Amino acid sequence: MRAFADLLDRLSLTSSRNAKLTMVRDYLRATPDPDRGWALAALTGELSFDAVKPAFIRKAVEARMDPQLFAWSYDYVGDLAEAVSLVWPAQPGANREPDLSEVIEGLRTATRAEAQGRIEAWLDALPQARERWALLKLVTGGLRVGLSARLAKQATADLGDVPVAEVEELWHALRPPYEDLFAWLEGRSEKPSSANPARFRPAMLAQAIDEAVDFGKLDPTAYAAEWKWDGIRVQAAHEGGQRRLYTRTGDDISRTFPDILDALTDDGVIDGELLVIRDGKVAPFADLQQRLNRKTVDARLMAAFPAAIRAYDLLQEGAHDMRPRPFVERRRRLEAFVARQASPRIDLSPVQPFATWAELAALRARPPEGDPQIAEGLMLKRWDSIYEAGRPKGPWFKWKRDPFLVDAVLMYAQRGHGKRSSYYSDYTFGVWTQDAAGQRSLTPVGKAYFGFTDEELLAIDKFVRDNTVERFGPVRSVRAEPHHGLVFEVAFEGLQRSTRHKSGVAMRFPRIHRIRWDKPPGEADEIAALERLLVQMEGR
Amino acid sequence: MIRPQDLLCPRPEGLYCAPGDFYIDPVRPVDRAVITHGHADHARAGHGAVLATPETLEIMGERYGLDFAGARQAAAYGQPTTRDDVEVTLVPAGHVLGSAQAVVRWKGLTMVVSGDYKRRRDPTCPPFEPIPCDVFISEATFGLPVFRHPDDREEIARLLRSVAQFPERSHLVGAYALGKAQRIIRLLREAGWDQVIHVHGALERLNALYGRHGIELGPLEPATTARKADFAGAIVIAPPSALQDRWSRRFPDPVGAFASGWMQIRARARQRGVELPLVISDHADWDELTATVEELRPGELWITHGREEALARWATLHDIPARALALVGYEDEGDD
Ligand SMILES: [Zn+2]
């Protein structure tokens, strides 16, 4: 457990990609099976436990020390797992120190009640706070150390000096703790077979375009443009009698979308966007959320939220691997393939003709009637591009739509966590509403805690302290009057109807775009502006 | 009936002893001062007369020039000095070279002012000596149960592992100029690192002073003379403030390390951009603070500075009357 804890600790404080690669690679080299395989599974997100809830951990620690002293400690540290790992009264020697595989096996075979007992015993046995921290992060499913699954796979591939795409392609034929993979990479055995039918193919991703630089260099006739749909990027595979649906990171979500897989009658693998489509029209993202994150699905849900794939690409057709073929050819075959399935559950993402970049820019700014009005932007794909795993530079670009902007008034501010715990850094903002009598008041429409610089944070924090009206625990309400208050220009990606919000709308990805120190709150936007936008998005 | 507050009481200048007419570690210039150790927040220049250990007087002379006080009186560890009716004895505090607790006795009453202290082994100074007392006046810089410093040898081993893992990078270790820097160097030597250690100019005089007191620091070189490539694989020790300024740009892709008790908290490390936090402190951690109070079982515990509310609560829960003095002007192991 110590080596794994040290690795997580260093990863979480390191920003350099190369340094992270070195750390993971060295760890995998130095650690024996099966520990390193379990570690790799944890780092790639293949293992996720939610064996215990934070409330349990809190109770366990409060049974061991004065709750007031713990409360002060937690308040100071700001992170529950970290605070508990530090204050836990260790009893080294009480039990044998567990190694990583013992912990993972122990959790996999335990009932929830057993798991809790085991976790307490491990916390007692682990002598270092760092190890207790790693254990708590692992068992609460909060293992975020700033390392992508891809980087972990890259480090693994480096062990055998093979391209990462080879490891990614194999990935779904493998199970933790990956002893066969390490044996192959270290030259001790044959390559594990990736020929399992309907396996995941590593996805090709697009780079964000840099408008100022790239357009000058790109030839518009070399590129196809299509809409970037606002759903979930997926891969649907039908091979050798197996049907599978994967997210773009390879998570298998087949069980919750049988309706889509049934529609895939021919053998092949398509890449597309998972959406809810009613009568040929894309429904708001909120509808798709009704289908995501469900363990089971029934006929009623499938009828109410009919899921579908809007196809972008064809990776495999029958026995033919299409990925080495140019996009222009894959696209032609895709059109025929989708037509053969003849199902409303699989349709085609249209290619949007254009002649010049200026023409395309106009299209992006004012999308035509229908679905394109809620697209996230445009995708550009070189007609001659092969389907290449990862995010290669040049063949594919995404050109996101500009965010929506609204001027809103700061209403409440809340203390942040961790290093921001001494600042008011979470902001609730509102826009104006009018009642029947014409009386104007503010209604909250969203909350944002990023988008500003450290300097701006200090300035807003000062504004909050100088203009506090009332305090409720960590929250302060601030002056927000027509002639006195603070206006934020808030950027957001979309709007949804919401019954949980008093205003009836909820924003997607709101962030502070600009601070309008100059603008009187009375001139901020009205709720009507958001309602118009919502109607435009829904009605089309 | 003699009350403790008749002997020592907090004033804006610092802890004041009325019957002896002197202050302990005053934060403003006073006529007579007893100084526990040479850190800048405890040892200020400009007092009329100063009583301290010979090492502390030497450190103050090195920092402020020999005229830092009107008169200087050296008191070796264990050697009592009497002022009026009051007897003052300096005994080791285990914090840095020359650091002392002030044991103040008057009419049968014993009060101990700990100064800054720690309980674990430090190769650069003699260990803390527990003195039975009626009132123990403790610091509480790390007075929260989250502060539990690991074995310093483990931390040094982590540093050396990182040096081995990234031989093309230099390792820049932030450490306070007085005490911490020399302790890190000694610990590195004990761990078998016998190569040249590069040091920032601000550390040179104190390193030399430690050397004169028999603390063998091994081969040191200024971190200025070498070319950039020469620093690959090197360990460089510098004051914490130098880590973020232009000075650090002369090193190849440096790994920023910082040796401090605050590095226990990840958000603190992140805030300073520290990649390799080394939890090494010259202050007592929570376990040392509570174990010391438990060991001494004083009639009363007074707490000078730091996180006094938690330690006071702990003492109260253990039936030891506690009082927070909330003295200001002492930094939390600040930027030296
Ligand atoms: Zn000190």
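The values are calculated or read from the model by the stated rules, or taken from the named source; none is laboratory data. Treat the numbers as computed from the prediction; the structure is a model and nothing was measured. Note: ideal-geometry Cβ built from the backbone for every residue, glycine included; neighbour counts use all protein chains shown.
See the values below:
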read-out	value
Within segment B:14-47, tally of residues that are without any contact (Cβ under 8 Å) to a residue 60 or more places away in the chain, over 12 Å from B:Ala102 (Cα atoms) and crowded, with 16+ Cβ neighbours inside 10 Å	7
So A:Phe397, is it out of contact with any helix residue (DSSP H, G or I) (no Cβ under 6 Å at 6 or more places or on another chain), more than 14 Å from chain B (Cβ to nearest Cβ) and within 30 Å of A:Tyr76 (Cα to Cα)	no
All positions within segment A:516-528 that are surrounded by fewer than 17 Cβ atoms within 10 Å (Cβ to Cβ) and within 20 Å of A:Gly451 (Cβ to Cβ)	A:Trp517, A:Asp518
Residues of segment B:91-110 that turn out to be crowded, with 23+ Cβ neighbours inside 10 Å and more than 13 Å from the ligand (Cβ to nearest atom), as a count	2
Contacts under 6 angstrom Cβ, first residue in segment B:128-153 being away from chain A (no Cβ under 14 Å), partner in a loop (DSSP other than H, G, I, E, B) and among the acidic types (Asp, Glu), 6 or more apart	B:Glu139/B:Asp116
Search result, residues across segment A:57-91 that are away from chain B (no Cβ under 12 Å) and outside any helix (DSSP H, G or I)	A:Ala63, A:Gln91
Which listed residue, of A:Ala198, A:Ala183, A:Ala208, is in contact with a Gly (Cβ under 9 Å, 6 or more places away or on another chain), under 24 Å from A:Ala149 (Cα atoms) and not aromatic (Phe, Trp, Tyr)	A:Ala198
Wholly enclosed strands (runs of 3 or more DSSP E) of segment A:431-513 bearing at least 1 residues among the β-branched types (Val, Ile, Thr)	A:440-448, A:468-472, A:475-478, A:487-492, A:505-508
Residue within segment B:271-290 that is more than 14 Å from chain A (Cβ to nearest Cβ) and among the β-branched types (Val, Ile, Thr) present	yes
Filter result for the condition that a residue is touching a residue at least 40 places away in the same chain (Cβ under 8 Å), within 22 Å of A:Ala173 (Cβ to Cβ) and out of contact with any helix residue (DSSP H, G or I) (no Cβ under 7 Å at 6 or more places or on another chain), over A:Ala237, A:Ala206, A:Ala222, A:Ala286	A:Ala237
Matching entry among B:Val50, B:Val88 (being more than 14 Å from the ligand (Cβ to nearest atom), in a strand (DSSP E or B) and touching a residue at least 40 places away in the same chain (Cβ under 8 Å))	B:Val88
B:Pro145 buried (at least 21 other Cβ atoms within 10 Å of the Cβ), away from the ligand (no atom under 16 Å from the Cβ) and closer than 22 Å to B:Gly261 by Cα	yes
Tally of residues being in a loop (DSSP other than H, G, I, E, B), over 19 Å from A:Ser101 (Cβ atoms) and of a type in the set (Gly, Ala, Ser) across segment A:14-53	2
Breaking point among (1) β-branched (Val, Ile, Thr); (2) assigned to a loop (DSSP other than H, G, I, E, B); (3) within 16 Å of the ligand (Cβ to nearest atom); (4) over 30 Å from B:Trp193 (Cβ atoms), for B:Ile137	(2)
Meets criteria (modelled with pLDDT of 95 or more, within 16 Å of the ligand (Cβ to nearest atom) and over 24 Å from B:Arg323 (Cα atoms)) for B:Gly78	no
